[in-house]
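Notes to accompany the following structure.
Just so it is clear, none of the values below were taken in a lab; they were calculated from the coordinates. Model, not experiment: these values are computed from the prediction. Note that we place each Cβ from the backbone using ideal geometry, even for glycine, and neighbour counts take in every protein chain shown.
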Amino acid sequence: MNFAESIFARKFLIAESDLERYLAAALSTAGDYADVYIEHVTSTALSIDGSIVKTATQGMSLGAGVRVVSGERTGYAHSDSLAPESVLKAARIAARIAHGPSLVTKTGFEEVQKPDLYSMLAAPAESALDKRVELIKRADAAARASDPRVTDVHVVYADNLRQVLVATSEGRLSCDRQPLTRISVTALARGMDGAVGEGRAGGGGRVALDFFQTDKTPEYFGGEAARQALVQISAGEAPVGEMTVVLGSGWPGILIHEAVGHGLEADFNRKTLSAFTGRIGERVASPLCTIVDDGTIPNGRGSLNVDDEGTPTRRNVLIENGILCGYLQDKLSGALMRARLTGNGRRENYQFAPVPRMTNTFLLAGGSDPDEIVRGVGRGLYCARFGGGQVDITNGNFAFTATECYLIEAGRLTRPVRWATLIGNGPESLKHVSMVGHDLRLDEGVGVCRKDGQNIPIGVGMPTTRIDNVTVGGVAQ
């Protein structure tokens, strides 16, 4: 099937000759590279509170963005209309912003070959609304039925179907159809002494609705949120000081994402702003640490057939056996740093130019038994889930709060504690990794990353991991 016959040509009512006109306008007064990004999104959002469906919204957005690159200068403009004059106007504005001699012309396109990492047939956005309403009702009922101490439950469901087209002055044409789905449950519990606990659970990814009919059902997420809330109402105060910390598998990988991953994005490094700048080939972590960013995991929340510049995603080894191997590249940084593209040019929507971003980022499995890791700790903390945190990209310093955390005493998990905050430095903390489990697990599919004012879906993960000499902030006991 040629482009003129494709669903994307019909969806956007656009021809190859239109794309050529837009690129010609973009390059008429400026630049050595240009691209046109066209996007159509349909979305649904539902919420239930007090066992009543409180909100149900559906929407659609459509627009185009034009980027012109001239050396280190970038011009970007967008239009919320696909009328030819509107897109041409955006192209001319982008050209004037970049303002440099035009070095290329463009006629004709070759379509980029891409994998099929997620369902192309049964996007949730194309299913009946009542099926999605049923999911949030089931999650609400499961959380409330789990224990009479659960007093409040809030469930949110969201999905979208994003259809994109990217045409570049290099003659590359990429089209993709990207479903995304998520259920999130928040449960509050109250103890007899008035203590209040909050639990959060959820999941999804680039999946169809039948994903929620397997082991990751609404009942599972509702019960998990309630369980976490109940743990909190019995939790004591967290200790303080330097100690051994064991991170559980799955969601604790958010610490890797924040404390290490952002520092490996190429824009921070070409601007010499990262703690990892200029350190390729150096040891930056324990030999037990191999960290990967992989946009090719089937149905992963952070996965993409092609990134938002039209580059196929790939598996990128960032740190291998403790040695820094490379950075996450988009087209601009890759050109300026003369580095291979990694498929990490991402944007929230057509209103933004792409920047280097993570996809699914995780620490690879090691050879240790997870139970043995815990048994080897005399006194320390086991962190099962994290909430918010802060990271300084320039030096790697971080602070993260654990939302589900237990004391380790004589090699056993004992009582839960609340509000333990891990404080440290990303590169330095990785050097103190002394054991890595064989139980690598990715998160359930709820991650959102914010950078430069843009929110995008991401995945994280890790196996059970022991880190020695971590500073823990809490309340002294």
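Report, for the stretch 236-473, the % of DSSP beta bridges that are antiparallel, rounded to 5. Rounded to the nearest five, the antiparallel share is 80 percent.
Think of it as helices only: each DSSP H run of n ≥ 4 in the chain is worth -39500 (n - 2.57), and spread over all residues that comes to -5500 deg cm²/dmol at 222 nm. Ranking of Glu72, Glu258, Glu409 by neighbouring Cβ atoms within 10 Å, starting from the fewest: Glu72, Glu409, Glu258. Does the stretch 149-291 come out rounded, prolate or oblate, given a ≥ b ≥ c as the square roots of the eigenvalues of its C-alpha gyration tensor, rounded meaning a/c under 1.5 and, failing that, prolate meaning a/b above b/c? Cα axes put the stretch 149-291 in the oblate bin. Cross-link partners of Lys114 among lysines, defined as those whose alpha carbon lies under 25 angstrom from its own and excluding same-chain residues fewer than eight positions apart: Lys11, Lys106, Lys331. Rg/Rh for the stretch 3-233 stands at 1.16; both radii use Cα atoms, and Rh follows the Kirkwood definition. Averaging the Cα positions of each part gives two centres, and for the stretch 455-470 and the stretch 1-52 these lie 34 Å apart. Annotation: lysines with alpha-carbon distance below 23 angstrom to Lys137 (same-chain offsets under eight excluded): Lys54, Lys216. Reducing the stretch 385-452 and the stretch 254-329 to their Cα centroids gives an inter-centroid distance of 18 Å. Summarising the overall dimensions of the stretch 315-362 from its C-alpha atoms, the Rg and Dmax are 11.8, 39 angstrom. If a/c stays under 1.5 just call it rounded; otherwise compare a/b with b/c (prolate if a/b is bigger, oblate if not). Do that for the chain, with a ≥ b ≥ c from the square roots of the Cα gyration tensor eigenvalues. Oblate shape, in that a/c is at least 1.5 and b/c is the bigger or equal ratio.
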